[in-house]
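J.: Quick one: this structure, given as structure tokens, is what I'll be asking you about.
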């Protein structure tokens, strides 16, 4: 896959999981440059319709929030609101901590934590993490406004799971968890029924997203297998592959 919009950025390395961003066992990270490329492709589709300067972004399967946090640092001046949800309350807790780094007080707290680790153990990894944290703090000076963040627990394939979302969402970007459907769907019907498939689950997810999306909106789904589903409310605008990841971008239909 050729990157259309992104070039190497000086803070990509600083956004690596476990350096400044919080990490925990089992939490999957996401390639920073790929996240940026997907976001910019979505934004380009919206800009065809002269959307506002800033957008509301949502990841309904957010995991530890790495994708959203990276996008917040890289594109802060294009994002006004971030929603993050997951079926796992531990994942939501981790996402909340990571997204707190987009605020000066949250990053200052993280810098203090890393400094204490460096003072205690003096490891090169802690010194590198501290350097990265200060680079991110310097980068934050470019932010024109504070990004509002809301994290909550929700089963993306449940009944009306996104009632917490009170602002129309412009862009959805989510990375489907690899492996068993039960990792991200609490619906027994989807897990045990004859239509137990990724496409069925994603179609149900899109049914739920319709209720919170702006009239002009885009959804990007990252998956290990190519999605085949169709939805009456969405038109697939593009598909590309990066490594083993398939990325499909859908735009909401008019009317």
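Just so it is clear, none of the values below were taken in a lab; they were calculated from the coordinates. Quick caveat: nothing in here was measured; it's all calculated off a predicted structure. FYI the Cβ positions are ideal-geometry reconstructions off the backbone, even for glycines, and counts take in every protein chain you see.
J.: Find, to one decimal place in angstroms, the Kirkwood hydrodynamic radius of the chain, where the mean of 1/r is taken over every pair of different Cα atoms and then inverted.
T.: It works out to 18.7 Å.
J.: Give the separation of the Cα centroids, region 75-152 to region 240-255, in Å.
T.: Distance between centres, Cα-based: 28 Å.
J.: Moving on. Order of 232, 251 from fewest to most other C-beta atoms within 10 Å?
T.: 232, 251
J.: Once region 52-120 is represented by equal point scatterers at the alpha-carbon sites, with solvent omitted, what log10 I(q)/I(0) does the Debye formula produce at q = 0.24, 0.29 Å⁻¹?
T.: -1.02, -1.21
J.: May I ask you to compute the full-extension gain from residue 163 to residue 230, defined as 0.36 nm times their residue separation minus their alpha-carbon distance, rounded to one decimal in nm?
T.: 21.7 nm
J.: Using a 10 Å cut-off around each Cβ, can you sort 81, 140, 1 from fewest to most neighbouring Cβ atoms?
T.: By the 10 Å Cβ count, ascending: 1, 140, 81.
J.: Could you put 148, 157 in order, starting from the residue whose Cβ has the fewest other Cβ atoms within 10 Å?
T.: 148, 157
J.: A follow-up question, please. What shape does region 100-162 have by the C-alpha gyration tensor, where a ≥ b ≥ c are the square roots of the eigenvalues, rounded means a/c under 1.5, and otherwise prolate means a/b greater than b/c and oblate the rest?
T.: oblate
J.: Suppose the chain between residue 210 and residue 7 were pulled fully straight at 0.36 nm per residue; how much longer would it get relative to their current alpha carbon spacing?
T.: On the way: separation 203, 0.36 × 203 = 73.08 nm, distance 3.28 nm.
Roughly 69.8 nm would be gained on extension.
J.: Something else: Taking Rh as the Kirkwood radius, which is the inverse of the mean 1/r over Cα pairs, what is the Rg/Rh value for region 12-85?
T.: With Rg and the Kirkwood Rh in hand, the quotient comes to 0.98.
J.: Suppose we look only past 13 Å in the calculated P(r) of region 197-255. What percent of the Cα-Cα pairs does that tail hold?
T.: For region 197-255, the share of Cα pairs beyond 13 Å comes to 59 percent.
J.: Stretched out fully, how many nm does the piece from residue 137 to residue 150 gain, at 0.36 nm a residue minus the Cα gap?
T.: Contour length minus the Cα-Cα distance gives 2.5 nm.
J.: As a check on your grasp of the helix formula, calculate [θ] at 222 nm for the chain: sum -39500 (n - 2.57) over DSSP H runs of n ≥ 4, divide by the residue count, round to the nearest 500.
T.: Only helices count here, giving -10500 deg cm²/dmol.
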